[in-house]
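The values are calculated or read from the model by the stated rules, or taken from the named source; none is laboratory data. Not measured: the values here are computed from a predicted model. Glycine also receives a Cβ, built like all others from the backbone with ideal geometry; neighbour counts cover every protein chain displayed.
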Amino acid sequence: MSAHKPIKKAVFPVAGLGTRFLPATKAIPKEMLPIIDRPLIQYAVDEAREAGIEQLIFVTGRGKTAIVEHFDMAFELETTMKDRAKTLEVLEPTRIQPGNLVAVRQQVPLGLGHAIWCARAIVGDEPFAIFLPDELMIGKPGCMKQMVEAYNEVGGNLISVLEVPEEEVSSYGVIDPGARNGSLTEVRGLVEKPKREDAPSNLIISGRYILQPEVMRVLEGQQKGAGGEIQLTDAMARMIGTQPFHAVTFAGRRYDCGSKVGFVEATLALALEREDMADDVRAIMRKLLG
Ligand code: UTP
């Protein structure tokens with residue numbers, strides 16, 4: 001038993017415009033783009049459930065209803081499949097307990113921090129997880145499960161981090177690292193999209209968070225930051241010193257599926273791990289590479 005309140009809720013901010021994938025994402029949410037046969041959002045939800053999270057809170061926007069539908073019961077589809085004696089097992093990951101999926105709207109995409117703040121009434125006074133579904137985290141156990149295990153030890157706030165080459169830091173939120181203890185690193189500061197020469201390290205925040213509910217009050221008065229957006233990183237930075245704050249180095253792989261190259265990389269990597277297709281895909285790749 002941990003002394004810390006369990007993490008039962010997760011927020012999935014999915015209200016972004018996905019401009020890097022246009023025109024694909026004009027009418028289809030980025031989070032519904034599939035890696036093989038599962039949409040990105042499904043990988044994130046699977047990771048959440050593996051970590052013991054029960055309530056899923058989607059922060060959606062216009063044109064994002066397909067995400068909610070994906071986790072709803074599809075009566076016609078299921079009846080037709082049953083009539084044709086097809087097994088429904090493949091739909092199992094899309095089943096969420098009634099009442100455990102809540103969607104709130106972010107009316108204008110003012111930034112990630114603002115998206116999280118839109119979920120404040122549902123999060124209430126409990127610590128909660130955040131998943132950015134376009135960052136695909138592959139590991140055993142999954143990234144959030146590793147984070148929950150760390151949280152049970154140290155409590156407070158945790159973010160998942162990974163090392164990147166120095167020339168890439170200015171695209172990400174970066175931590176100022178303190179003392180290290182295994183995969184846990186104390187966080188002394190955070191900065192969003194720093195210039196390379198100003199970056200306090202090459203450890204970047206990688207799309208998974210466990211935060212205390214106080215972050216909502218900090219976001220309440222938050223001004224716009226980098227890129228004219230209300231940044232979650234800035235709000236978290238203001239909490240350092242008032243509450244424990246740690247980074248967890250994820251033992252696993254991360255694919256940035258918000259970028260086209262990262263998306264292709266994830267597709268190839270996961271295809272090569274699938275028993276039902278690895279041999280065929282390897283043969284195709286050999287052929288393509290000449
Ligand atoms: P990104 O910047 O990666 O996503 O935001 P985007 O804005 O959809 O994509 P591009 O850059 O235009 O291609 C990270 C996460 O935060 C969410 C996004 O949906 C994504 O999951 N987000 C971002 C919001 O929910 N609201 C916002 O105002 C901004």
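Out of the residues in the range 1-43 that are more than 9 Å from the ligand (Cβ to nearest atom) and small (Gly, Ala, Ser), which is nearest to residue 116 (Cα to Cα)? Across the range 1-43, the extreme among qualifying residues is 10. When residues in the range 139-163 are screened for being surrounded by fewer than 18 Cβ atoms within 10 Å (Cβ to Cβ), within 15 Å of residue 207 (Cα to Cα) and among the β-branched types (Val, Ile, Thr), 0 of them pass.
Out of everything in the range 102-136 that is part of a helix (DSSP H, G or I) and among the hydrophobic types (A, V, I, L, M, F, W, C), what residue ends up being farthest from residue 254 (Cα to Cα)? Here the residue is 121. Note on the range 184-237: residues that are of a type in the set (A, V, I, L, M) and touching a residue at least 60 places away in the same chain (Cβ under 8 Å) amount to 11.
When the range 8-17 is examined, which residues are found to be among the aliphatic types (A, V, I, L, M) and either surrounded by 24 or more Cβ atoms within 10 Å (Cβ to Cβ) or in a strand (DSSP E or B) (or both)? Selection gives 10, 11, 14, 15. Tell me, which residue of the range 25-57 that is among the small types (Gly, Ala, Ser) and closer than 23 Å to residue 93 by Cβ is surrounded by the most Cβ atoms within 10 Å (Cβ to Cβ)? Top of the filtered list is 44. Within the range 137-155, the set of residues being out of contact with any helix residue (DSSP H, G or I) (no Cβ under 9 Å at 6 or more places or on another chain) and either within 19 Å of residue 256 (Cβ to Cβ) or outside any loop (DSSP other than H, G, I, E, B) (or both) comprises 146, 147, 148, 149, 150, 151, 152, 153, 154.
Scanning the range 231-290 for residues that are charged (D, E, K, R) and within 23 Å of the chain's Cα centre (by Cα) yields 234, 238, 253, 254, 256, 260, 265, 273, 274. The residue that is farthest from the chain's Cα centre (by Cα), among those in the range 89-101 that are in a loop (DSSP other than H, G, I, E, B) and at pLDDT 90 or above, is 99.
Kindly provide the set of residues from the range 62-73 that are at pLDDT below 90 and either farther than 16 Å from residue 45 by Cβ or not in a loop (DSSP other than H, G, I, E, B) (or both), ordered by number. Those that are at pLDDT below 90 and either farther than 16 Å from residue 45 by Cβ or not in a loop (DSSP other than H, G, I, E, B) (or both): 62, 63, 65. Could you list all residues from the range 74-88 that are part of a helix (DSSP H, G or I) and either of a type in the set (A, V, I, L, M) or within 26 Å of residue 15 (Cβ to Cβ) (or both)? Across the range 74-88, the qualifying residues are 77, 81. Annotation: of all residues in the range 203-222 being closer than 16 Å to residue 186 by Cα and among the β-branched types (Val, Ile, Thr), the one that is surrounded by the most Cβ atoms within 10 Å (Cβ to Cβ) is 210. The residue that is surrounded by the fewest Cβ atoms within 10 Å (Cβ to Cβ), among those in the range 239-261 that are in contact (Cβ under 8 Å) with a residue 24 or more places away in the chain and assigned to a helix (DSSP H, G or I), is 260.
The requirement of being within 16 Å of the ligand (Cβ to nearest atom), in contact (Cβ under 8 Å) with a residue 24 or more places away in the chain and either assigned to a loop (DSSP other than H, G, I, E, B) or over 16 Å from residue 58 (Cβ atoms) (or both) is not satisfied by residue 158.
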